[in-house]
1. For region 76-98, does any single residue satisfy the condition of being assigned to a helix (DSSP H, G or I), in contact (Cβ under 8 Å) with a residue 40 or more places away in the chain and small (Gly, Ala, Ser)?
2. Those residues that are free of Cβ contacts under 8 Å to residues at least 12 places away in the same chain and assigned to a helix (DSSP H, G or I), I need them from region 31-58; list them, please.
3. Can you name the residue in region 102-111 that is at pLDDT 95 or above and out of contact with any Asp or Glu (no Cβ under 8 Å at 6 or more places or on another chain) and is also nearest to Gln32 (Cα to Cα) among such residues?
4. Trp39 - would you say it is aromatic (Phe, Trp, Tyr), touching a Ser or Thr at 6+ places or on another chain (Cβ under 7 Å) and buried (at least 18 other Cβ atoms within 10 Å of the Cβ)?
5. Based on what the data block shows, is Gln66 outside any loop (DSSP other than H, G, I, E, B), polar (S, T, N, Q) and under 16 Å from the mean Cα position of the chain (by Cα)?
6. Go over the candidates Glu62, Glu44, Glu31 one by one and state the one that is at pLDDT below 95 and of a type in the set (Asp, Glu).
7. Of the residues that make up region 12-23, is at least one out of contact with any Lys or Arg (no Cβ under 6 Å at 6 or more places or on another chain), more than 15 Å from His125 (Cβ to Cβ) and either at pLDDT 95 or above or part of a helix (DSSP H, G or I) (or both)?
Amino acid sequence: MQIQPADALEARKCLPCEGGVEACSLNFAQEQVRLLVGWQVTTEGKWIRRSIRFKNFVRAVEAVNQIADLAEAEAHHPDLHITGYRILTIELTTHAIGGLSENDFILAAKIDSLLAASFPDAKNHE
């Protein structure tokens, strides 16, 4: 794997992963998320996470539904959590390898693009 800009990741398709691939290193993950919008690497380096604050609950649920459609198309599925009625947290990992794969960064870039296009008023939430 190599570090890629968000637009290059977005142009790619997630590939099926059933294991047998080594998870990326913490250093790689930290470098790659710097090129994405609002994502953070968890302390142990096995997940990336982004939280977004929406105008209201309905907009957060709309985002969940659009992300779900995207995830189905990519056959790579994030964990999605709505808390505080309008804060959506998106978490990505590749369960089959117990860590991060290129698919996680590809889907993160695609989610960023979707959010920018469909929810321009949404804000990153710390």
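1. yes
2. Correct list: Val58 only.
3. Phe105
4. Details: aromatic (Phe, Trp, Tyr): yes; touching a Ser or Thr at 6+ places or on another chain (Cβ under 7 Å): no; buried (at least 18 other Cβ atoms within 10 Å of the Cβ): yes.
Here the answer is no, as Trp39 does not meet what is asked.
5. yes
6. Glu44
7. No, region 12-23 contains no residue that is out of contact with any Lys or Arg (no Cβ under 6 Å at 6 or more places or on another chain), more than 15 Å from His125 (Cβ to Cβ) and either at pLDDT 95 or above or part of a helix (DSSP H, G or I) (or both).
Quick grid of which residues meet (1) more than 21 Å from Glu22 (Cβ to Cβ); (2) crowded, with 16+ Cβ neighbours inside 10 Å; (3) of a type in the set (D, E, K, R):
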site	(1), (2), (3)
Glu62	yes, no, yes
Asp69	yes, no, yes
Phe105	no, yes, no
Ala108	no, yes, no
Phe119	yes, yes, no
Lys123	yes, no, yes
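The values are calculated or read from the model by the stated rules, or taken from the named source; none is laboratory data. Note that the structure is a prediction, hence the values are computed from the model and not measured. Cβ atoms come from the backbone with ideal geometry, glycine included; neighbour counts cover every protein chain shown.
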